[in-house]
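For reference, the structure discussed in these notes is given below.
The values are calculated or read from the model by the stated rules, or taken from the named source; none is laboratory data. Because the structure is a prediction, the values reported are computed rather than measured. Reconstructed Cβ throughout: ideal geometry from the backbone, glycine too, with neighbour counts over all protein chains shown. Surface areas here come from the heavy atoms of the whole protein model, side chains and all, with no ligands, DNA or RNA. Shrake-Rupley method; radii C 1.70, N 1.55, O 1.52, S 1.80 Å.
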Amino acid sequence: MGHMNQNRGDTMAGLAERLGQEMRESLAAYFVLPRLQEMAQACLEEKLQESLLFGKMTVLHYRMFAGEDERIYRAAAAVELMVLSLDMIDDVQDKDNKSVVWNGYAPEITLNLALGMLMIAQRLLLEGGFDPERARQSARLLSMQVLTAVHGQTLDLLNEIPDEEAYLDMVSQKSAALLVCACMIGTMLATGEWMEQVRGYAEQLGIAAQIKNDIRDLANWDNKNDFLNRKRTLPTLFLLQAVTDEDRWILDYFEGRLTMEDVLHRRDELEAIMEKTGTMLYSSVRMRTHYYRFLDLLGELNLDVGWQEEMLALAE
Amino acid sequence: MLKEMIQAMVKDPGSLLRAQGGQLQLAGLSDVEQRAFVDVVSKRESGSEPRLFQENVWM
């Protein structure tokens, strides 16, 4: 399969700025109450400091499959508003104290803002000016993938992950589904079709990214550390089944027989155990395995080299 | 298979060195796992993993 759209440079240049503009205008259009508008725009400005990778993936896929309508930026803005809303909700659920604007609001306010943004995202897709059937398909896809993510987030919040297979199932739903959403909305708006190959590689990339995050959340000794929070992730699951009797305190902590105060000072010891058990090595290999599966599946599409390079630049 | 292999390797540091030098048979691993394993082992010291996303959405 080859794709002939050659306007990569013109298309991707100034993309972040264009997405930001669309998102600001959509909040201004749909949030009528001044205080609501003000808080939403503040949250958006925080978001716009990030890379907007999901929205960029939407635009990239649309252009890859020969889409030419400028209204794709509105659809990509919808994707980013969806991502922002879920990010805000996640921070409330995790009681994350990172210093972002929405963590300074009362949780009920943050949830209300997020709910509104999610609804705006749907409206942008439905009313964004695309062919009605494709608009309907993209909005349906958004709600379908968010619902999948809700299921995955439930599994994550319950932390009842017995083994690696369950972890991968949870990650596919919680995280990878949103990347699938971003890529597939662009694809479907361009082609009107569901492309299973795109879903496949987007899922692999999403899983790789989540494992990468989980490796980081074991290495950083802060309030997000997954060992301290007794989170069952791929790295911690491996660690738990690899520890010897000599290092039993790790199991004791995870199973609640030790308190955080008992283990807070044992960071160096934990790092040494993670090294000697091969926890980080295993996790890194698993992450890279999924990343290479993404590369292989992407290669099967036989896209123009330039588009592949754009994709890899975003993924890297 | 990968899990068992790594658990065996960490008990035998020489095997990691052999893997780094491409001298170890990685039977039982899929092609993509083999590629990933060899790359990670050879790049571990340099810390050059792909940066991937920095987004924290529901992550």
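So the values come out like this:
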{"item": "Single residue of the stretch A:89-101 satisfying the filter (over 22 Å from A:Asp156 (Cα atoms) and in contact (Cβ under 8 Å) with a residue 12 or more places away in the chain) that is least open to solvent (accessible area, probe 1.4 Å)", "result": "A:Val100"}
{"item": "Residue in the stretch A:206-217 that is acidic (Asp, Glu) and either closer than 27 Å to A:Gln137 by Cβ or not in a helix (DSSP H, G or I) (or both) present", "result": "no"}
{"item": "Checklist (1) among the aromatic types (Phe, Trp, Tyr); (2) closer than 22 Å to A:Glu203 by Cβ; (3) over 20 Å from the mean Cα position of the chain (by Cα) applied to A:Tyr105, failing item", "result": "(2)"}
{"item": "Scan of the stretch A:243-283 for residues that are open to solvent by 20 Å² or more (accessible area, probe 1.4 Å) and facing chain B (nearest Cβ under 10 Å), ordered by number", "result": "A:Glu275, A:Lys276, A:Met280"}
{"item": "Conditions (1) within 13 Å of chain B (Cβ to nearest Cβ); (2) touching a Lys or Arg at 6+ places or on another chain (Cβ under 7 Å); (3) at pLDDT 95 or above; number of the one not met by A:Thr233", "result": "(2)"}
{"item": "Test set (1) over 23 Å from A:Pro235 (Cβ atoms); (2) in a helix (DSSP H, G or I) - A:Gly128 fails condition number", "result": "(2)"}
{"item": "Given (1) closer than 30 Å to A:Arg267 by Cα; (2) more than 14 Å from chain B (Cβ to nearest Cβ), number of the condition A:Trp194 does not satisfy", "result": "(1)"}
{"item": "Those helices (runs of 4 or more DSSP H) lying entirely in chain B with at least 1 residues modelled with pLDDT of 85 or more and either surrounded by 15 or more Cβ atoms within 10 Å (Cβ to Cβ) or polar (S, T, N, Q) (or both)", "result": "B:2-10, B:31-43"}
{"item": "Output for the stretch A:146-171, where each listed residue is open to solvent by less than 20 Å² (accessible area, probe 1.4 Å), in a helix (DSSP H, G or I) and over 12 Å from A:Leu86 (Cα atoms)", "result": "A:Gly152, A:Asp156, A:Tyr167, A:Met170, A:Val171"}
{"item": "Selection count where residues are in a helix (DSSP H, G or I), within 14 Å of another protein chain (Cβ to nearest Cβ) and open to solvent by less than 10 Å² (accessible area, probe 1.4 Å), scope the stretch A:44-57", "result": "4"}
{"item": "Residue, modelled with the lowest pLDDT, within the stretch A:70-113, restricted to residues that are small (Gly, Ala, Ser) and within 27 Å of A:Leu228 (Cβ to Cβ)", "result": "A:Ser99"}
{"item": "Breaking point among (1) open to solvent by less than 10 Å² (accessible area, probe 1.4 Å); (2) within 13 Å of chain B (Cβ to nearest Cβ); (3) closer than 16 Å to A:Asp163 by Cβ, for A:Leu240", "result": "(1)"}
{"item": "Qualifying residue in the stretch A:250-273 (condition: in contact with a Lys or Arg (Cβ under 9 Å, 6 or more places away or on another chain) and of a type in the set (S, T, N, Q))", "result": "no"}
{"item": "Total residues in the stretch A:284-310, condition in contact with a His (Cβ under 9 Å, 6 or more places away or on another chain) and either buried (at least 23 other Cβ atoms within 10 Å of the Cβ) or facing chain B (nearest Cβ under 9 Å) (or both)", "result": "0"}
{"item": "Subset tally (residues that are open to solvent by 10 Å² or more (accessible area, probe 1.4 Å) and in contact (Cβ under 8 Å) with a residue 40 or more places away in the chain) for the stretch A:64-88", "result": "7"}
{"item": "Test: residue in the stretch A:28-40 that is open to solvent by 30 Å² or more (accessible area, probe 1.4 Å), out of contact with any strand residue (DSSP E or B) (no Cβ under 7 Å at 6 or more places or on another chain) and not in a helix (DSSP H, G or I)", "result": "yes"}
{"item": "Unmet criterion (only one of (1) of a type outside the set (Asp, Glu); (2) open to solvent by less than 30 Å² (accessible area, probe 1.4 Å); (3) more than 11 Å from chain B (Cβ to nearest Cβ); (4) in a helix (DSSP H, G or I)) for A:Arg199", "result": "(2)"}
{"item": "Total residues in the stretch A:207-227, condition away from chain B (no Cβ under 12 Å) and open to solvent by less than 10 Å² (accessible area, probe 1.4 Å)", "result": "3"}
{"item": "Test set (1) open to solvent by less than 10 Å² (accessible area, probe 1.4 Å); (2) part of a helix (DSSP H, G or I); (3) among the small types (Gly, Ala, Ser); (4) touching a residue at least 40 places away in the same chain (Cβ under 8 Å) - A:Ala114 fails condition number", "result": "(4)"}
